[in-house]
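The values are calculated or read from the model by the stated rules, or taken from the named source; none is laboratory data. All values derive from a computational prediction rather than experimental measurement. Ideal geometry is used to build each Cβ from the backbone, glycine not excepted, and the neighbour counts take in all protein chains shown.
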Amino acid sequence: MSTSGGTRAIVAALLANLGIAATKFVAFAFSGASSMLAEAIHSLADSINQILLLVGGRKSLKVADTKHPFGYGRERYVYAFVVSIILFTVGGVFALYEGYEKLLHPHALEVWWLPMTVLAVSIVLESFSLRTALREAAPAKGAASWGSFIRHAKAPELPVVILEDTAALLGLIFAFFGVGLTALTGNSVFDAIGTMLIGALLVVVAIVLGIETKALLVGEGASAGDVEAIEVAILAGNESENIIHMKTLYLGPDELMVGAKLAFSPKKNLATVASEIDAIEARIRAAVASARIIYIEPDVQRATKKGATDTDTIVLKGLE
């Protein structure tokens, strides 16, 4: 992947979740706590999700070819969307079902201290995993809030890991109180409620994650700040008289495509316009590093009789 920080956060979460999942399954086998089983499935689903994120990151590095001339950058979005589906079905829906079954068919909690111990240790480990993800995401977040970072980040890996780790930590707390209250009162309803709370939490996180990754899959343009920086870069050298229109599109987390129709003086010759387009492209790339694919269409602009603008397209199109 392009950012080692994202990879470090994913690997840290993967290692933590694999160990925690195995421990939770053992604790469930001895105690019969439904919230323990829900948490074990949750950790297993998270482990699968982190593997998918690593696979998506590796696939996105494939070189562009004739079938995919703009490369494979969106592979990362595809795999992140699959993660949201797995989190919803394997994690959330299963936990809701398990909690409902526990309400209908309650059974006594055995060896209560084992799941409580596992949950306490898991809370500590998940806290370290979440801290790693937050620390790695801090440079990309900048001054923005965490909510804004998750909504607007173009690289999906760190927001996914942050959401997963946050849900995992909250789920562990729900399970801890559910098992604890069941152990104190002998009433398994608390264990069932804790399990259903875990399921509801995972469903909500999966929906948020699905909405965000869907927007990236459909195609998002540059942020308002980057658009402004590109416009300033285009007009900084006075080669172009005006920006007739411009569109941007993220082809991958680190690859922005810029297409612009610019007004040039009709008195300029082909060689001059081509040279000026090269200079404009260089300034755009210097202003916004992710702007890697740039298409500039030179045009001439004139005023119509009604004072509006009209264009007479000249021969030069799609010069890079």
Looking for something surrounded by fewer than 18 Cβ atoms within 10 Å (Cβ to Cβ) and either touching a Pro at 6+ places or on another chain (Cβ under 6 Å) or over 16 Å from residue 252 (Cβ atoms) (or both) - is there at least one such residue anywhere in segment 71-80? no
Yes or no: residue 22 outside the structural domain of residue 290 (by TED's automatic domain parsing), without any contact (Cβ under 8 Å) to a residue 24 or more places away in the chain, under 25 Å from residue 182 (Cβ atoms) and out of contact with any strand residue (DSSP E or B) (no Cβ under 8 Å at 6 or more places or on another chain)? yes
Any chance you could count how many residues in segment 163-177 are closer than 21 Å to residue 97 by Cβ and modelled with pLDDT under 90? 6
Among the basic types (Lys, Arg), within 19 Å of the chain's Cα centre (by Cα) and more than 23 Å from residue 203 (Cα to Cα): is that true of residue 154 in this structure? no
List pairs: first in segment 139-166 and part of a loop (DSSP other than H, G, I, E, B), second buried (at least 21 other Cβ atoms within 10 Å of the Cβ) and charged (D, E, K, R), Cβ under 8 Å, 6+ apart or cross-chain? 155/76; 156/76; 156/212
Considering (1) part of a helix (DSSP H, G or I); (2) within 30 Å of residue 187 (Cα to Cα), say which one residue 136 fails and leave the rest. (2)
Going through (1) touching a strand residue (DSSP E or B) at 6+ places or on another chain (Cβ under 6 Å); (2) modelled with pLDDT under 95; (3) not aromatic (Phe, Trp, Tyr) one by one, residue 258 fails only at (2)
